[in-house]
Amino acid sequence: MFGLLEPICLVTYLADESNEELAALGHRTYWDGYFASRAAPLGRVPAQVVHAAFYSFADGEAARHIPSAGETIPPEASFAAWQRGSAASVRRILGAALAESPGLARAADLTTKAATSAPTQGRVMYAGWRALPVPSDPVTRLWHSATMLREHRGDGHVAALLAGHIGGAEAHVLSALEQGIHPPESFGRLHHLPKQRLAEVMDGLCERGLVDTDGWFTDAGRETKQRIEALTDELAAPPYDALSAAELAELIAELEPITATLVAAGSR
């Protein structure tokens, strides 16, 4: 399900429409719009809360955008623009025939049924999304519910990282290595950090035996990464318990052509 739904969510970050909508509101940078929009379901909370919920950003990154990005542009307006632009991206990429098809409407209905059925305890981002109204337009509803499930999975991933004693920067190192990026400090989510901070992260992972002195995975590091991913998958399963086996099979069948079209376009 992650593989089928993630390309729907990725248009928000890879396609142009949501960024254009946020810029039209007056957001000066991509990250101003990102933090204002993604944090909006949490309500008007301080940067410390956003930092805690997002987990993987470096110290001080959230504070560069929260609350300043919402002082002149209401977070609710940013979220609406984010949603509007994302749905426009999905609609453009799919084309009218697929975007307006009964199959997409059915996929939206089933995705929403799953997305609105899981317990919210311990799921801060997911709980925020559950408090939002579900859109009536099928394409927007599909994006909205897919992204709700993405945030549900993200909350579980944070729990898995905490259980594995892996911080946000450490998680990026493990992710970079799994993608074959070396040195891992060159990864886009890491390279901007101060050299001293990067050295501390790598030294800490080396001391724990998760990377070697050359910055490569050890067996223990690879096992830790796999264990975290497996627990993330396990914790992401509850929403789909709301679907019968027949409904889940139907959802997969309806999503496959949608996802294939988005993947072919790179979700752009």
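A short reminder: the numbers here are calculations on the coordinates, not readings from a lab. Note that the structure is a prediction, hence the values are computed from the model and not measured. Don't worry about glycine lacking a Cβ; one is built from the backbone with ideal geometry, like all the others, and counts go over all protein chains shown.
Return a whole-number percent for the relative contact order of segment 1-158, with Cα pairs under 8 Å and 6 or more residues apart as the contact set.
On the way: 183 pairs, mean separation 47.1, N = 158.
Result for segment 1-158 is 30 percent.
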Handout entry: Longest to shortest principal axis, alpha-carbon extents of segment 33-73, angstrom
Key = 25, 18, 15
Practice task
Determine the principal axes of the Cα atoms in segment 155-212, then give the extent along each, sorted from largest to smallest and rounded to whole angstroms.
Solution key: 28, 23, 21
Handout entry: Förster-model FRET efficiency, 41 Å R0, residue 226 and residue 71, C-beta, rounded to 0.05
Key = 0.45
Problem - Choice from 143, 31, 82 with maximal GNM fluctuation in the chain (Cα, 10 Å cutoff) - result: 31
Completion exercise
Taking the square root of 5λ for each eigenvalue of the C-alpha gyration tensor of segment 149-268, the equivalent ellipsoid has semi-axes, largest first and in whole angstrom, of 33, 18, 12
Fill in the blank from the handout: Log10 I(q)/I(0) at q = 0.08 Å⁻¹ for the chain, from Debye over equal alpha-carbon scatterers, is -0.35
Handout entry: Top of 78, 136, 117 by mean-square fluctuation, Gaussian network on the chain, Cα under 10 Å
Key = 136
Practice task
Mind telling me which of 135, 102, 194 comes out most flexible in a GNM of the chain, alpha-carbon contacts under 10 Å?
Solution key: 194
Handout entry: 10 Å-binned pair-distance histogram of segment 188-240 (Cα, whole percent)
Key = 23, 36, 29, 12, 1
Handout entry: 10 Å binning of all Cα-Cα separations within segment 1-79, expressed as whole percents from 0 upward
Key = 19, 47, 30, 4
Fill in the blank from the handout: The answer for residue 211, listing residues at least 5 apart or on another chain whose modeled amide H is closer than 5 Å to its amide H, is 206, 218
Practice task
Would you please calculate the Kirkwood hydrodynamic radius of segment 100-188 over all C-alpha pairs and express it in Å, rounded to one decimal?
Solution key: 14.9
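Quote the Stokes-Einstein diffusion coefficient, in whole µm² s⁻¹, for segment 60-135, based on the Kirkwood radius over alpha carbon pairs, a temperature of 37 °C and a viscosity of 0.692 mPa s.
Here the translational diffusion coefficient equals 218 µm²/s.
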